[in-house]
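Please read the structure below before turning to the comments.
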Amino acid sequence: MPDYLDRIRHKGLRDLVVSADQAAALIKDGMVLGMSGFTRAGEAKAVPLALAERAKREPLKVTLMTGASLGNDLDKTLAEAHVLSRRIPFQSDPALRRAINAGEVMFIDQHLSETVEQLRTRQIPGVDLAIIEAVAITEEGGIIPTTSVGNSASFALLAPKVIVEINTSQPLALEGMHDIFIPTYRPARMPVPVVSPQSRIGLPYIPIPPERIAAIVISQKHDSASNILEPDEDTRAIAGHLTEFFKHEVAQGRLTNQLAPLQAGIGTIANAVLHGLIDSPFHDLTMYSEVLQDSTFDLFDSGKMVFASGSSLTLSPAKGASVMPRLAEYKSRLMLRPQEISNHPEVVRRLGIIAINTALEFDIYGNVNSTHVMGTQMMNGIGGSGDFARNAFMSIFVTKSMAKGGRISSVVPMVSHVDHTEHDVDILVTEQGLADLRGLAPRERARVIIENTVAPEWRDLLRDYSARATERGGHTPHLLEEALSWHDQLRRTGTMKPE
């Protein structure tokens, strides 16, 4: 008996094992596909590749919904095969990004907590077929996810048919790490009973009727590693400013040395900020976040963190090689949830999260652009930052003060696109310093932001803009004819610096 059959514990399902090509033949032109995958972790791998190959012979278009971005260059492969007509709710691939910005793929940029809410209430077209990566199938037909949950549970529960990819490269130690909970339906919806990051409220598998499983494909492809970089001088400075700020909050009695449950966005800067907590006086830390990155395990190994709840595990090559063989050692301190629970606004507000997310740019009043370069060109998407920023106990955005070798200031008179309004932003941090905006009116915020977060070579320009705008007046003073002039200068000359 092939080894993989041990992972299909419902013996009546073993006859459904087919090739990826046979499974991909179940996908029809115009379908809405719901696929596992959240930030390069736990995506179905074999069937999407087979679909892209099929599209070369037999052109077809589908709408693809996932949890977040996909690994193994799947978004690139599907975009270049011209399979995608619509993509929801997040992506991070350059090839797909080009297709989106060219108008070839319609991209719906959503808060990550909202996609399955809209599916469940039929506000958007329903999923025709779910494709879910699993470590195993239980005796009752339940699907045990791999390194992410994302939207997989709701896709599988809502779709008429499900293709399961059993990935034998994923360790069986993942079993028991998941907490699958689906909210009840309105108007009599019960509260989500998460009262701490450690709260276990659901099942360790996705409970679907086994007759809904249409095919099982065996895969052995590994998750893609994250592409985060090591902390550099600037990211260490950002981490240092935040550490000093947290110390001050403890001294003022607003926090304890356990801080509050932490959330951090994906990427190098957010990972470096959390890494910086290793050399701090804080202890017994917890996380209630989306993506558990290298820094989560660095904090575990340093003894600083006691528990982490998220929706996926996304690790660098070195950290993955260290963690995955020893996953059983971390298992009691980890939990993976559906993203509508990890990002649930009610839970975020209840737990009092400290949210740390990354900005592309912010303006002198605290509005943050997380998604659009020059206001028009989509980068990745808003992801979960909005879910957390609006509802957090403390909403923090971090970025380096300059980009492109100093040709671009990350602090501008007016952001070219708004993802997070000033009302949802408490703290802004660059390597230059930290601006605490709590309790400040717009004119006061402008002074604090300019003096604390702006690179020296841009500070006088923003002081001048703010002073002249204030002379003109208004609650939030602006010179409308100049507000986006820095972006226009960049468009025309390749730098925001005036001629």
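Need at least 1 residues that are open to solvent by 50 Å² or more (accessible area, probe 1.4 Å) per element, so show me which strands (runs of 3 or more DSSP E) inside the stretch 114-191 make the cut, counting only ones lying wholly within it. I'd like the intermediate steps shown before the answer.
Details: elements: 129-137, 143-145, 161-167.
Per the criteria, 161-167.
Quick one: in the stretch 222-267, of everything that is among the polar types (S, T, N, Q) and in contact with a strand residue (DSSP E or B) (Cβ under 9 Å, 6 or more places away or on another chain), which residue is nearest to SER395 (Cα to Cα)?
GLN263
Do you know which of the residues in the stretch 44-66 that are open to solvent by less than 10 Å² (accessible area, probe 1.4 Å) and in contact with a Ser or Thr (Cβ under 6 Å, 6 or more places away or on another chain) is farthest from GLU165 (Cα to Cα)?
If we take residues in the stretch 44-66 being open to solvent by less than 10 Å² (accessible area, probe 1.4 Å) and in contact with a Ser or Thr (Cβ under 6 Å, 6 or more places away or on another chain), then ALA52 is farthest from GLU165 (Cα to Cα).
What's the number of the only condition in (1) surrounded by 22 or more Cβ atoms within 10 Å (Cβ to Cβ); (2) at pLDDT 90 or above that ASN257 fails to meet?
(1)
Residue by residue through the stretch 221-249, note down the ones that are open to solvent by 40 Å² or more (accessible area, probe 1.4 Å) and in a helix (DSSP H, G or I). Walk me through it before giving the result.
First, the residues of the stretch 221-249 that are open to solvent by 40 Å² or more (accessible area, probe 1.4 Å): 221-223, 227, 229-230, 232-234, 236, 241, 244, 247-248.
Of everything in the stretch 221-249, those that are open to solvent by 40 Å² or more (accessible area, probe 1.4 Å) and in a helix (DSSP H, G or I) turn out to be GLU233, ASP234, ARG236, HIS241, GLU244, LYS247, HIS248.
Determine which single condition LEU259 fails, assuming it passes every other condition in (1) at negative phi; (2) touching a residue at least 40 places away in the same chain (Cβ under 8 Å); (3) in contact with a helix residue (DSSP H, G or I) (Cβ under 9 Å, 6 or more places away or on another chain).
(1)
In the list VAL368, VAL348, which residue meets the criterion of being within 26 Å of VAL192 (Cα to Cα), modelled with pLDDT of 95 or more, crowded, with 24+ Cβ neighbours inside 10 Å and under 19 Å from the mean Cα position of the chain (by Cα)? Before the answer, list the steps.
On the way: VAL368 fails: within 26 Å of VAL192 (Cα to Cα).
The unique qualifying residue is VAL348.
Let's see how each residue does on (1) open to solvent by less than 20 Å² (accessible area, probe 1.4 Å); (2) over 24 Å from MET378 (Cβ atoms); (3) assigned to a helix (DSSP H, G or I); (4) not aromatic (Phe, Trp, Tyr):
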position: ALA318; (1), (2), (3), (4): no, yes, yes, yes
position: MET324; (1), (2), (3), (4): no, yes, yes, yes
position: LEU327; (1), (2), (3), (4): yes, yes, yes, yes
position: LYS331; (1), (2), (3), (4): no, yes, yes, yes
position: ILE341; (1), (2), (3), (4): yes, yes, yes, yes
position: ASN357; (1), (2), (3), (4): yes, no, no, yes
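Could we say that ALA270 is modelled with pLDDT under 95, in contact with a strand residue (DSSP E or B) (Cβ under 8 Å, 6 or more places away or on another chain), in a helix (DSSP H, G or I) and not hydroxyl-bearing (Ser, Thr, Tyr) here?
Working: modelled with pLDDT under 95: yes; in contact with a strand residue (DSSP E or B) (Cβ under 8 Å, 6 or more places away or on another chain): yes; in a helix (DSSP H, G or I): yes; not hydroxyl-bearing (Ser, Thr, Tyr): yes.
Against the criterion (modelled with pLDDT under 95, in contact with a strand residue (DSSP E or B) (Cβ under 8 Å, 6 or more places away or on another chain), in a helix (DSSP H, G or I) and not hydroxyl-bearing (Ser, Thr, Tyr)), ALA270 qualifies.
Has the stretch 432-448 got at least one residue that is free of Cβ contacts under 8 Å to residues at least 60 places away in the same chain, touching a Phe, Trp or Tyr at 6+ places or on another chain (Cβ under 6 Å) and either within 17 Å of ASN367 (Cα to Cα) or surrounded by fewer than 19 Cβ atoms within 10 Å (Cβ to Cβ) (or both)?
Within the stretch 432-448, not a single residue is free of Cβ contacts under 8 Å to residues at least 60 places away in the same chain, touching a Phe, Trp or Tyr at 6+ places or on another chain (Cβ under 6 Å) and either within 17 Å of ASN367 (Cα to Cα) or surrounded by fewer than 19 Cβ atoms within 10 Å (Cβ to Cβ) (or both).
The values are calculated or read from the model by the stated rules, or taken from the named source; none is laboratory data. Worth saying up front: this structure is predicted, and the values here are computed from it rather than measured. Reconstructed Cβ throughout: ideal geometry from the backbone, glycine too, with neighbour counts over all protein chains shown. Each accessible area value is taken on the protein alone, full model and side chains, heavy atoms only, with ligands, DNA and RNA left out. Shrake-Rupley method; radii C 1.70, N 1.55, O 1.52, S 1.80 Å.
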